[in-house]
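Here the structure comes first, spelled out in structure tokens, and everything after it is commentary.
We did not get these values from a lab; they are worked out from the coordinates using the rules stated. In this text the structure is predicted, and so the values were computed from the model without any measurement. Neighbour counts are summed over all protein chains in view; Cβ atoms, including those assigned to glycine, are modelled from backbone coordinates with ideal geometry.
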């Protein structure tokens with residue numbers, strides 16, 4: 001493929017976190033610009049400290065076409081109740097990001113980190129009438145455009161958690177560990193259980209552990 005071909009990398013953040021949104025991001029670049037991404041420090045976001053991610057994110061958003069889709073916990077919960085399948089929900093979100101970048105800038109191919117069956121994203125993209133080469137690979141962050149997208153997605157998630165922390169007046173932990181359960185219980189005591197559904201992904205086991213602890217004792 002000639003170096004002037006345009007590539008979209010897509011990845012997500014927040015999928016395994018009880019608190020906060022699901023964030024899907026896409027970055028568009030020429031293949032000849034991938035070296036520039038690496039010079040910015042782009043690599044798998046899971047290997048980069050949060051403060052560094054925010055700095056790289058700023059450079060990427062300033063210099064590359066991009067799309068960041070933030071699905072709030074309330075919107076996520078509504079979609080999940082309708083779809084009942086996380087991978088289908090993810091595929092739809094990926095397709096929305098791809099559609100926006102292709103419609104605004106055009107592109108020759110899309111690379112994304114493979115999840116579930118390949119046809120989930122293929123069908124979601126085809127449903128939107130987008131004709132583009134889709135490359136789904138395991139450990140997609142090995143490709144610079146996907147790693148860049150992972151950074152934008154993670155930065156969006158970090159900002160959302162920071163905003164949530166300020167809003168509720170207590171530290172909101174990431175992940176889905178017992179520390180997360182403890183924080184959720186504090187929030188329930190402080191604000192009531194109805195508030196929790198606005199902050200978390202309710203299909204996680206954490207939700208039932210917090211509201212029905214006797215079932216897990």
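Per residue, the convex hull spanned by the Cα atoms of segment 1-91 amounts to 117 cubic angstrom.
Please give the calculated 222 nm ellipticity per residue for the chain, where each DSSP H segment of at least 4 residues contributes -39500 (n - 2.57) and the sum is spread over every residue; nearest 500 deg cm²/dmol?
On the way: 9 runs with 111 residues, N = 217.
Using -39500 (n - 2.57) per qualifying helix, the result is -16000 deg cm²/dmol.
To the nearest 10 degrees, how steeply does helix 50-63 sit against the main Cα axis of the chain, on a 0 to 90 scale? Approximately 40 degrees, to the nearest 10. The label point for residue 30 and the one for residue 114, both projected 7 Å from the Cα toward the Cβ, are 3.1 nm apart. Rounded if a/c is under 1.5, else prolate if a/b is larger than b/c, else oblate: which is segment 170-216, with a ≥ b ≥ c the root eigenvalues of its Cα gyration tensor? Because its axes are fairly even, with a/c under 1.5, segment 170-216 counts as rounded.
Cα axis of helix 118-127 to longest principal axis of the chain: angle in degrees, 0 to 90, nearest 10? Helix 118-127 sits roughly 80 degrees off the main axis of the chain.
Want the number for residue 38 to residue 128: 0.36 nm per residue separation, take away the alpha-carbon distance, what's left?
Length gained, residue 38 through residue 128: 29.2 nm.
Against the chain, whose longest principal axis is taken from its Cα atoms, helix 144-168 shows a tilt of about 30°.
Using C-alpha pairs below 8 Å separated by at least 6 residues, the relative contact order for segment 1-83 is 35 percent.
Taking a quarter of the surface of the Cα convex hull of segment 6-165 gives a mean projected area of 8.7 nm².
Out of the DSSP beta bridges found with both residues in segment 6-165, what percent are antiparallel (nearest 5)? Intermediate values should be presented prior to the final figure.
Details: 14 of 23 bridges.
Expressed as a percentage, antiparallel bridges in segment 6-165 total about 60.
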